[in-house]
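Quick notes on the structure that follows.
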2 protein chains.
Amino acid sequence: MELHQFFLFLAITLISARLLSEAVARFGIPSVIGELLAGLIIGPSLLGWVSPDTTMKLLAEIGIILLLFEVGMDTDLSRLARSGSKPVVVALIGFVFPLVLGYGVSMWLFGLPELVSLFIGGTLTATSIGITVRVLDDLGKRHSDEAQIVIGAAVLDDILGVLALAFLYQFVVERHASFDALSEVGLYILLFMVLTPLVAKLASVVIDRLDRHASKPGLLLTMALSLILLFSWLAHAVGAPEIMGGFAAGLAFSQHFGFRLWLGKYPALVFKPSPKLAHRLEEQVRPLIHTFSPMFFVMVGVSLNLKMVDWGSVFIWELAAMLLLVAVASKFTAGFFIREPRRNKVAIGLSMIPRGEVGLIFAQLGFSQGILNGELYAALLIVIAFTTMAPPFLLKWFYGRVADKAD
Amino acid sequence: MELHQFFLFLAITLISARLLSEAVARFGIPSVIGELLAGLIIGPSLLGWVSPDTTMKLLAEIGIILLLFEVGMDTDLSRLARSGSKPVVVALIGFVFPLVLGYGVSMWLFGLPELVSLFIGGTLTATSIGITVRVLDDLGKRHSDEAQIVIGAAVLDDILGVLALAFLYQFVVERHASFDALSEVGLYILLFMVLTPLVAKLASVVIDRLDRHASKPGLLLTMALSLILLFSWLAHAVGAPEIMGGFAAGLAFSQHFGFRLWLGKYPALVFKPSPKLAHRLEEQVRPLIHTFSPMFFVMVGVSLNLKMVDWGSVFIWELAAMLLLVAVASKFTAGFFIREPRRNKVAIGLSMIPRGEVGLIFAQLGFSQGILNGELYAALLIVIAFTTMAPPFLLKWFYGRVADKAD
């Protein structure tokens, strides 16, 4: 892409995202909806000004990784640990139900081939952690108890989704897939999630010291950003979603995170939590997040090419309606398998519904590999669009109702 | 480029730039040298880890445009006006001398064809405003009197360089070039430089008001950034260098900049300077500048592929030595055509020497169009490398000597 054209695209993206998110916020609508709408409007669905170009997508990815970094920084692991197995239960149910039901509906109700049905089930599995976090943020609920469970569950869910994608992809390309390879990747990811916060914490101590002796300002931000990028690359290398790199790095820089290394009976190395460093970094990283993260949501809207849908086809509508039912019900029920106040169960169930980008990647892969034809792809687009757009409204309405009752 | 690969490239670029600039700063060397060195080391000249990829270049360009935005914000137009015609004189002499002398040396001393000689002369004309600004910044001299003249001159010089490039390019492609078209572009650029700060000032008032009523933080930065990008696109559209868009937008947001529109005898619209807005924006834009601007200098180093040079060729060394003499002497003398204390004349002359990216673009265009052969391109690379790397040392040494005398 030419330099000046890129500047124009970027400016259009940033301005439309901001203006629309401000506009919908006036009507009490979560601002992430404005950004998704901006993408639908300026993208191929309507005006066609901006296409899902590589460079724009790369910047959008930086945006979502930085957002996950911020989520990681806000996460208190001890508080997450106190919620125990709840995120695991929500994630597992929210993964298995849509996969099995999506597969079953496609195969038995619509008579689709096995592989196609598997792909459709896979598309319905992964909760979009980005959209979930943004909605909770817009509603001022990101630090609530239920949000802790949702974020933990969405992280696990995203990892399960990527594993499923890798498995299905291998199945499509090599016509067979081994569970051995899959469990190996699973092990790598587990190691990654456990080890990287420790390594990143070590790095954060070094960076903090360097920053205090730097000749020019800005070392902290540059180095933290580099660490996030390195970890995202590493996440990809072990087979995990890239955004997990941002999340893991964020955990390490969190004001709550510290640990001790023991040599025999004595603590050999003590890494204390450093609220000051966390505060300084958060101050500096916020302008970058404000700039780049809306791009991610705009690009989700841009990637949702609704012109691909033949709106007159009955089959598309029937399939979309059934899959939508599966997609919403399966995630919503996941909240009811844990012991929580009913209010939290509903909030968790609703928060897990957004599919967004991971579902899109699934569907696009299936479409480009010739597994999904135009009609199936269109039906999935409808499901993704609805599950992405509806939860912000549903959550807003639900929290409003709960608050009214409490008054 | 793949997502994870891009993350790795970006991390390597950011880390190496920062570590090397810190390392050279320990030895009292201006830190921009560290960033250029980082580019030479990680680029094709040495390790070959990072290539001058499109996306990396786009981010680098955002970096330099933001730096020029900051320069614009720091510019006090009334102070610049007080230096009168001095920047114009320095720019014109610093443009004509290298062009004529480079042309003459190539044609009469080395017997090169006319068009080739013209291209070589053109390559020697444009001062790299980016490198000049960074060096003055590293030495803590960006707000001095002489820096004001240098920045004014470098801006004009950059515009003259782009005009020369457009003219020569047209000459090469269409085998003839019209001065009419050139003066039309000149007129557009003049209009752009006069009108955009006024338009941007108007926009800044709107943005300021929007920001104070925004539902979420970050509107000011996002909108200012979009304005900078739009203006850079517009600059390209009228035929000016893209970075002028950043500079023009910066002028408008400067704490010194205000104006009145008169209707007959009465001021109809008064736009006061707004130091508060300027301060708030500068605070927020600085993390972006710290992150992206080093990328620009690294990418200059990456683009300087010194492996292209056949270091054993006598012809290359002879030509490079002669052109280097022309390149240094012609810019240095430019400082002596104005009425200033001798100290300032020397500082201005030295500051105008860096060629960097504009020279590189010239040389690469000539090479890719088949006008310059490998040997000529190599000689120009040596000239650009030297004129880019030497002035920081020369200026540092000169300011040190002047300070010693003053004690």
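Here, each number is a calculation from the coordinates, and none is a lab measurement. Predicted model only: the values in this text are computed from it and were never measured. For neighbour counting, all protein chains shown are included, and Cβ atoms are generated from backbone atoms with ideal geometry for every residue, glycine included.
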First check a/c for region A:279-402, with a ≥ b ≥ c the square roots of the eigenvalues of its C-alpha gyration tensor; if it is under 1.5, answer rounded, and if not, answer prolate when a/b is larger than b/c or oblate otherwise. oblate
Eligible lysines near A:LYS141 by straight Cα distance, threshold 29 Å, same-chain separation 8 or greater: A:LYS57, A:LYS86, A:LYS201, A:LYS272, A:LYS276, A:LYS331, A:LYS345, A:LYS396, A:LYS405, B:LYS216
For a test of the definition: using alpha carbon positions, the gyration tensor, and the 1.5 limit on a/c, classify the protein assembly as shown as rounded, prolate or oblate. prolate
What number, in percent, do you get for the relative contact order of region A:51-205 if the mean sequence gap of Cα pairs under 8 Å and at least 6 apart is divided by its residue count? 23 percent
Using only Cα atoms and rounding to the nearest 10 degrees, what angle (0 to 90) does helix B:54-74 make with the longest principal axis of chain B? 60 degrees
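Calculate the FRET efficiency for A:ALA321 and A:GLU114 from the Cβ-Cβ distance with a Förster distance of 22 Å, rounded to the nearest 0.05.
Approximately 0.45, to the nearest 0.05.
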Compute the Cα gyration tensor for region B:277-331, then decide on rounded, prolate or oblate, letting a ≥ b ≥ c be the square roots of its eigenvalues: rounded whenever a/c is under 1.5, prolate when a/b is larger than b/c in the other cases, and oblate in all that remain. oblate
Treating the angle as unsigned and between 0 and 90°, give the value, to the nearest 10°, between the Cα long axis of helix A:374-406 and the longest Cα principal axis of chain A. 60 degrees
Label spacing, shortest first and in nm, from A:GLY258 to its equivalents in the remaining copies (7 angstrom along Cα→Cβ): 5.1
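List the trypsin sites (Lys or Arg not before Pro) within region A:110-194 that fall in a DSSP loop (any state other than H, G, I, E or B) and whose Cβ has at most 15 other Cβ atoms within 10 Å. Spell out each step's value before the answer.
Working: sites: A:ARG134, A:LYS141, A:ARG142, A:ARG175; in loops: A:LYS141, A:ARG142, A:ARG175.
Here the sparse-neighbourhood loop sites are A:ARG175.
For chain A, what does the relative contact order come out to in percent, with C-alpha contacts under 8 Å and a separation of six or more? Spell out each step's value before the answer.
Numbers: 629 pairs, mean separation 110.8, N = 407.
RCO, chain A: 27 percent.
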Between region A:309-332 and region B:200-223, what is the separation of their alpha carbon centroids in Å? 41 Å
7 Å along Cα→Cβ for the label point: how many nanometres lie between B:LEU187 and each equivalent label in the other copies, listed shortest first? 7.5
Would you compute, from DSSP H runs of 4+ residues alone, the mean residue ellipticity of chain A at 222 nm, taking -39500 (n - 2.57) per run and dividing by the full residue count, rounded to the nearest 500? -25500 deg cm²/dmol
Nearest-20 debye value, the protein assembly as shown charge dipole, Cβ charges on Lys, Arg, Asp, Glu: 2520 debye
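Which FRET efficiency value, to the nearest 0.05, do you get for B:HIS213 and A:SER51 by plugging their Cβ-Cβ distance into 1/(1 + (r/R0)^6) with R0 = 41 Å? Display every interim value, and only then the final one.
Numbers: r = 33 Å, r/R0 = 0.80.
With a Förster radius of 41 Å, E is 0.80.
I need the peptides A:24-30, A:300-306 ranked by packing, meaning the mean over residues of other C-beta atoms within 10 angstrom, with the highest value on top. It would help to have the intermediate numbers written out before the result.
Values: A:24-30: 15.3, A:300-306: 24.3.
Result, highest mean first: A:300-306, A:24-30.
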Between A:GLY28 and the same site in the other copies, what are the distances in nm, shortest first, taking label points 7 Å from Cα along the C-beta direction? 6.8
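Using 1/(1 + (r/R0)^6) with R0 = 51 angstrom and r between the beta carbons of B:ARG339 and A:PHE259, what's the FRET efficiency to the nearest 0.05?
So the FRET efficiency works out to roughly 0.15.
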Using θ = phi - 60° and the Karplus curve 6.51 cos²θ - 1.76 cosθ + 1.60, what whole-Hz ³J(HN,Hα) does each residue of region B:202-214 get, with Gly and Pro shown as x? 4, 4, 5, 5, 4, 4, 4, 5, 4, 4, 6, 10, 6
Viscosity 1.567 mPa s, temperature 4 °C, Stokes-Einstein D of region B:3-406 from Kirkwood C-alpha radius, µm²/s: 59 µm²/s
Measure nothing fancy, just the Cα-based angle from helix A:31-42's long axis to the longest principal axis of chain A, in degrees from 0 to 90, nearest 10. 50 degrees
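Residue by residue through A:8-19, how many Cβ atoms from other chains fall within 10 Å of the Cβ on average? Kindly include the intermediate steps, with their values, before the conclusion.
On the way: counts 7, 2, 8, 10, 4, 2, 8, 7, 1, 2, 8, 4.
Mean partner shielding for this stretch: 5.
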Going by C-beta contacts inside 10 Å, put A:ILE65, B:ILE243 in order with the fewest on the left. B:ILE243, A:ILE65
